[in-house]
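Below is one structure, written out as structure tokens, with a few remarks after it.
The values are calculated or read from the model by the stated rules, or taken from the named source; none is laboratory data. Just so it is clear, the model here is predicted, and its values are computed rather than measured. All accessible areas refer to the heavy atoms of the entire protein, side chains included, with ligands and DNA or RNA removed. Shrake-Rupley method; radii C 1.70, N 1.55, O 1.52, S 1.80 Å.
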Amino acid sequence: MKRKKSDKLWQRALKVFPGGVNSPVRAFRSVGGNPIFIASGKGSYVRDADGNRYLDFLSSWGPLILGHAPRPVVRATRKALRHGSTFGATTEAEVKLGEFILQNIPFLERVRFVSSGTEAVMTALRLARGTTRRQMIVKFEGCYHGHNDALLARAGSGLLTLSGNIAEASSPGVPVEIVQNTLVLPLDDSAAFEQAMEKHGEKIACVIMEPVPANAGLLLQRRAFIEHVLTSARQKGILVIFDEVISGFRLSFAGYAGRENLRPDLITYGKIIGGGLPVGAIAGSAHIMDNLAPQGPVYQAGTLSGNPLAMAAGHAALSCLAERDGAVYSHLKKLAERLKEGFEKEILPLLADREWTIQLVQEESLFWFSFRPQGETSPVRRVDRITPFSASIYKQIFHAMLFRGVYLAPSAFEVGFLNAAMRGRDIDYFIDQLRKTVRQLPGAIKDFT
Ligand SMILES: *Cc1c(COP(=O)(O)O)cnc(C)c1O
């Protein structure tokens, strides 16, 4: 497989961008080697600068649920661009997308568009603090919410003590004063949550969670835990934010909240909502959302917010998802089922006599390989339960699969995305290449550490 052009581009990129990239994981640091440069994408495939073709399970990290360059999105975006891409004034395009979302997710009353998931979360936090007039926020270890200062925090040694220093920054540059107002709790632990509510409840503005944590593996939560968070927070007057930047429009049109009939106070969206262009959104009841400026006192703004180009792309993509009684979702469900069947039939038997095995963790069109010591079958629901040797096994799988024309996320802690442009034969190809790859891996755990 030729990589000449990619390697040349990489040398150029290294001189232009810090670490050669505009978002860190693209640099392949956790799997090693030089990144490949993608030149184009069509349907379920991407092509790199050297002309190699890959079946793409990255889907741009989630936005491309319809695959690359779906015709309706291309057509709508092209049409919009001819009329001008941004005006900094109100347009019909944003009303159309806003109405469409509210009509199809009946429990939402207001939405505001921004330009990324990070921005949506930033606004949701400010809105929650401005509404409750409280300072503290709660997040869960293993959930990612974009690169907001307040959420670049991990559990500190003083967790749940009265010292006040309850979280520590997970990046230099984040002021200690900011993360001091963030409480970081473990997932899947109702008792820890309860304890935090008792100790700090009256000071907490909001709890933010990915209801389907998909940024540190796929840490599927028990519904009872999420219900507990909702009820227990409510009793203390705390707002609950579901960060559905990945799960929104993916688990169902109305995301996790819609599918499970659970009602958080605010929901953040991103990724799929923009049909591949930069869009994020905050949504909820009019009662809370109307605290945003200019209706209310909580300030928020954006030069490119709701620009007609991104709105047109988002509207075209969401229209495909909503039409024909959810045909896209049933197609994705079939692909996910085929993946599960192929995995159980072709991959699991190969691993039977190894010291390690793979659990295929799935939630609709999301999947993740969880590497476990043979015989350990309990689901991984917390980030500190991810097996340490995962990264080194994954690294080998990643490169072998890339060589075989399958593009997976360049990190063991990222999930795979099925998209609606895939066909059954794509899944079969994936399983077949995975079988050939796994067959060649050593059976002893020590060979990976
Ligand atoms: C991707 C992601 C974000 C951040 O969105 P960006 O558009 O990358 O800023 C926030 N929350 C979740 C759950 C995400 O997956």
For Phe249, solvent-accessible area (1.4 Å; no DNA, RNA or ligand), Å²: 0 Å²
Max mean-square fluctuation residue, GNM over the chain, Cα-Cα springs under 10 Å, options Ser171, Ser411, Ser330: Ser171
Candidate lysines - alpha carbon under 17 Å from Lys203, same-chain residues fewer than 8 apart omitted: Lys139, Lys236
Per-residue HN-Hα couplings for the stretch 412-429 [Karplus 6.51, -1.76, 1.60; θ = phi - 60°; Hz; x = Gly/Pro]: 5, 9, 10, 8, x, 10, 7, 10, 6, 7, 6, 10, x, 5, 5, 5, 4, 4
Cα centroid separation - the stretch 14-80 against the stretch 244-271, whole Å: 25 Å
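Which order do Phe17, Phe225 take by accessible area at a 1.4 Å probe, largest first? Could the numbers behind the result be given before it?
Working: Phe17 75, Phe225 5 Å².
From most accessible down to least: Phe17, Phe225.
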Helical mean residue ellipticity (222 nm; -39500 (n - 2.57) per DSSP H run of 4+; nearest 500) of the chain: -10500 deg cm²/dmol
Sequence-distant lysines (8 or more away, or on other chains) whose Cα lies within less than 23 Å of Lys79: Lys42, Lys96, Lys271
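Roughly what % of Cα-Cα distances in the stretch 116-259 sit above 17 Å, to the whole percent? Can you show the working numbers first?
Values: 5984 of 10296 pairs.
Every Cα pair in the stretch 116-259 considered, those over 17 Å come to 58 percent.
Could you tell me the convex hull volume per residue, in Å³, taken over the Cα atoms of the stretch 309-397?
On the way: hull volume 13.1 nm³, N = 89.
Taking the convex hull of the Cα positions in the stretch 309-397, it is 147 Å³ per residue.
Just want to confirm a number: the relative contact order over the chain, from Cα pairs under 8 angstrom separated by 6+ residues, in percent. If you can, show how the numbers build up before the last one.
On the way: 869 pairs, mean separation 95.1, N = 449.
With pairs under 8 Å counted, the relative contact order is 21 percent.
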Of Phe430, Phe193, Phe403, the one that fluctuates the most in a GNM where the chain has Cα springs shorter than 10 Å: Phe403
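Per residue, how large is the accessible surface of the chain? Use a 1.4 angstrom probe and give square angstrom.
Result: 44 Å² per residue.
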Rg/Rg_ref, the chain, where Rg_ref = 2.2 N^0.38 Å and atoms are Cα: 0.98
Vicinal HN-Hα couplings computed from phi for the stretch 346-363 (Karplus, 6.51 cos²θ - 1.76 cosθ + 1.60; Hz; Gly/Pro x): 9, 9, 3, x, 5, 8, 4, 9, 9, 7, 10, 9, 10, 9, 8, 9, 9, 9
Relative contact order %, the stretch 363-448, counting alpha carbon pairs below 8 Å whose residues are six or more apart: 35 percent
Value of D in µm² per second that Stokes-Einstein yields for the stretch 1-124, Kirkwood Rh from Cα pairs, at 10 °C (1.306 mPa s): 89 µm²/s
Heavy atoms of Lys2: accessible area, 1.4 Å probe, square angstrom to 10: 130 Å²
Set of lysines with alpha-carbon distance to Lys15 below 18 Å, sequence-local pairs under 8 removed: Lys4, Lys5
Residue with peak Gaussian network fluctuation, the chain [Cα springs, cutoff 10 Å], from Phe398, Phe369, Phe389: Phe389
Of all accessible heavy-atom area on the chain, the percent that carbon and sulfur account for (1.4 Å): 52 percent
Cα gyration tensor category, rounded, prolate or oblate, for the stretch 364-449 with a/c compared to 1.5: oblate
